[in-house]
Amino acid sequence: MIIPYGHEHTTVRRLPWVTFTIMGLCVLVFIGTQFTVSGHGEDEAIEGLGRIFEYLVEHPHLELDPRFFDLLRDRNVSENEIEEFQSILAAMRQMGGDPPENPRHLAEEKEELERLIDEFMGALAEMRDHPFYRWGLVPADMKLHTLVTYQFLHGGFWHLFGNLFFLFLAGPFIEDVWGRPLFASFYLLAGVIAALMYAVHYPHMDGPLIGASGSVAGVMGAFLIRYWKTNIRFFYWFFVVFRGTFTAPAWLMLPLWFLRELFFAQAWDVVAPASGGGGVAHWAHVWGFGFGLAVAGAIRHYRVEERFVHEAIESKITLVDNTAVDRAMEAGKEGRIGEAFDLLNAELRSHPNNVDAALALWNLAMAHGRAPSAAPFLVRLMRQAVRDEDPSLVLNHWHELLAGVPDLQVDPPLAARVAEILFNNGRREEVVETVSLAAESLESDTASAVMTRLAKVAVASHAPSAGVLLDAALAHPELTPEVRSELATLAGALPPVQSQEPAGGPDESTPDDEAPSTGVVEVDHTLQVMRAVPLRIEDRALTIDVRGATRRMALSLIQAVGVGGVRPHDRRPFLLVDLMLDPPWSERGQLRVIRLSSTDFDPRRLVAGADDSLQAFRELLEGLLTATGAVPLPDPDSARGQPFRTFDSVESYERDVLGIGKATL
């Protein structure tokens, strides 16, 4: 047995009133229904069925009314179970028990069996008045209100405790980052979706579905997306002797739980079709969890938290006692600045995680030119925020840190995560400054993964420090060959220093044969060609097939596009498109080129609505040049097929268009 009992997140910003309210309602409803369990036919029905069976054992010659079996079918008893019951009765008849010779005695026995069956049916009918049937969801007789009310009903203490325990582990933290209205709506809707899909699987189910497990499964799915790296603590117990605790990440354990539920849901459908999962609504768990994954994924993709939720939450009162903060704010308003600083510093020494105190100290320090003294407290909050995957603090205050503390000391791991958050939110200038600070703080023991992340975000944001960070990452002894190759590609795609010129073009003193605007420079370059087949262009990236392997390349890496038609004497003419990661004016000795050939693919598969192959090539090239901003070679018109320039051989094309005398494959 493996049971979770906690995880590394232990604090929230506000009391999770929605979660606590749901838990309280479930408890109250459970207590209320316990007083109505007896007297509604459930015990009588069970006892009545036992009496029928005992009577048939004593009188095996009696035949059951077919409507009895119809009633069992209405109760979703499987045909296999009914056939097994009938075979037992048949076996008992063969073992003995002749009918009485006196017809009157036989009639009395039949009358007694009819009475027992009528009592059983009456008890079943009485069960319909039970709250589980009135407020639970019965797929065969579904009522709209039961899609919500069933979520608050529970059949026993452990059923209630298990659901509320899992809700307590995950609910407060999703409520904290999503806000109360969104979380409440999500919770109820997860239960609705879980119930609807359960009803789809068992449309003729005549028993009630009760419990919060579908809704809680939705919260667990959301927790997986929102806190996927969180370590969960588990207790295990096997055969009494083997017991202990361990931790494992959410991204491992929650999918395993989901797969377990999916397995049991399918297994029960095979073993006992239409049984509803053998007393456990596995399909409700599966669909609730899936709904949670989908909603949390959408919220992350559209940045709902950052755009709509966090600002509203931050304006509310946190869980921390803010008496000291209130006193400090009052002292600041009255001009007692020193006292305000003392109060806030003392509060943070006692409660380092008091977000309000740290932000109040920072705001006070910024207003009075003392930002460096408060920076460590804010940086600590930033570190906790990125660990909790909450970008709001970074987005709201990092720019203030950069402005208020010009010589800010930031460790590379924090800088890497902050730079990624800023980059994903379009804050390029702050990214450039952040990675520059990180470049100054790099040490020999900085992890290779941190260096790699810094280098990648620096290249993506065109930061001046990109070269320094790439060199540092490439020099790391623990870098894997795959990552080293990727970084080397990025390093080769960096523009040379002399290309960083004003928008007006190269300096007038630059010799014509050194300027890329002339097309090609006759220098001693070789060409490293990688043949590829383009598969699709999307999201500023080109997906290609290279010798059966699929790769995805950022369009921003393409510096020049060379295009030319080749008319060899012994073959049909074809078109070459060279995507140059190193342009002809690069200082690299070997220029890297991804070569696309019309002999390898049909451009009409990449260009929607194009019927003519040649026109499809023109549209494809126009799209590539527009998306990459690359230099067209040999000239803008020829590179767009207006018209294409043709050559007698590949070598003449490479010489005249790319300025290359030798190529390597």
Next item on the list: Find me the longest stretch of the chain that has none of the exposed chymotrypsin sites (Phe, Trp or Tyr not before Pro), where exposed means in a DSSP loop (not H, G, I, E or B) with at most 10 other Cβ atoms within 10 Å.
Entry: 240-665
Item checked: Dipole of the chain [Lys/Arg +1, Asp/Glu -1 at C-beta], most positive-end residue of PRO203, GLY467, SER638 -> GLY467
Item checked: Segment ASP602-ARG300, length gained on full extension (0.36 nm per residue, minus Cα span) -> 105.0 nm
Check: Suppose R0 equals 45 Å; then what is the FRET efficiency for SER441 and LEU614 from their Cβ-Cβ distance, rounded to the nearest 0.05?
Finding: 0.25
Checklist line | segment 349-484 - percent relative contact order, Cα under 8 Å, separation 6 or more | finding: 17
Notebook entry, point to check: Which loop trypsin sites (Lys or Arg not before Pro) in segment 568-621, with loop taken from DSSP, have no more than 10 other Cβ atoms within 10 angstrom of their Cβ?
Noted result: ARG571
Next item on the list: Consider the candidate values [x] 73, 66, 50; [y] 76, 62, 47; [z] 126, 88, 48; state which one is Cα extents along the principal axes in Å computed from the structure displayed.
Entry: [z]
Item checked: Scattering curve values for segment 217-315, log₁₀ I(q)/I(0), Debye with Cα scatterers, q = 0.17, 0.23 Å⁻¹ -> -0.90, -1.12
Next item on the list: Of the options ASN345, PHE263, TYR653, report the single residue whose Cα projects farthest towards the positive end of the charge dipole of the chain (beta-carbon charges: Lys, Arg +1; Asp, Glu -1).
Entry: TYR653
Next item on the list: Evaluate Rg over Rh across segment 348-483, taking Cα atoms for both radii and Kirkwood's formula for Rh.
Entry: 1.00
Check: Which value at 222 nm does the chain reach when only helices count, each DSSP H run of 4 or more adding -39,500 (n - 2.57), with the total divided by all residues and rounded to the nearest 500 deg cm²/dmol?
Finding: -17000 deg cm²/dmol
Next item on the list: Against the globular-protein guess of 2.2 N^0.38 Å, express the Cα radius of gyration of segment 104-153 as a ratio, rounded to two decimals.
Entry: 1.78
Next item on the list: Could you work out how far helix 392-404 tilts from the main Cα principal axis of the chain, as a 0 to 90 degree angle to the nearest 10?
Entry: 30
Margin query: With both bridge residues required to lie in the chain, what share of the DSSP beta bridges run antiparallel, to the nearest 5%?
Written below: 75
Note to self: For GLU114, GLU305, give me the order by solvent-accessible area with a 1.4 Å probe, most accessible first, ignoring ligands, DNA and RNA.
What the structure shows: GLU114, GLU305
Next item on the list: Any chance you could list the semi-axes, whole Å, largest first, of the equivalent ellipsoid that the Cα gyration tensor gives for segment 247-293, using √(5λ)?
Entry: 23, 11, 7
Notebook entry, point to check: ARG104 accessible area, nearest 10 Å², 1.4 Å probe?
Noted result: 140
Checklist line | Alpha-carbon spread of segment 192-261, three principal axes, descending order, Å | finding: 44, 33, 18
Margin query: Amide H of VAL138 versus every other amide H placed in the peptide plane: which residues, excluding those fewer than 5 positions away on the same chain, fall under 5 Å?
Written below: LYS143, LEU209
Margin query: For LEU188, LEU579, give me the order by solvent-accessible area with a 1.4 Å probe, most accessible first, ignoring ligands, DNA and RNA.
Written below: LEU188, LEU579
Checklist line | Whole-number Å³ per residue for the convex hull built on Cα positions in segment 336-423 | finding: 89
Next item on the list: State in Å² the accessible area per residue of the chain; use a 1.4 Å probe, count heavy atoms of protein chains only, and round to the nearest integer.
Entry: 52
Next item on the list: Please report, in debye to the nearest 20, how large the charge dipole of segment 554-652 is about its Cα centre when each Lys and Arg carries +1 at its beta carbon and each Asp and Glu carries -1 there.
Entry: 120
Notebook entry, point to check: If ligands, DNA and RNA are left out, what is the accessible area of ASP648 with a 1.4 Å probe, given in Å² to the nearest 10?
Noted result: 110
Check: Hey, got the dipole for the chain? About the Cα centre, +1 on K and R Cβ, -1 on D and E Cβ, debye to the nearest 20?
Finding: 1140
Checklist line | Residue-level accessible surface for LEU15, protein heavy atoms, 1.4 Å, Å² | finding: 70
Check: Where in segment 320-362 are there GluC sites (Glu not before Pro) that are in a DSSP coil and have at most 13 other Cβ atoms within 10 angstrom of their Cβ?
Finding: GLU334
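The values are calculated or read from the model by the stated rules, or taken from the named source; none is laboratory data. It should be emphasised that the depicted structure is a prediction, and the values quoted were computed from it without experimental measurement. Neighbour counts run over all protein chains shown; Cβ positions are idealised from the backbone, glycine included. Ligands, DNA and RNA are excluded from the accessible area calculation, which covers all protein heavy atoms including side chains. Shrake-Rupley method; radii C 1.70, N 1.55, O 1.52, S 1.80 Å.
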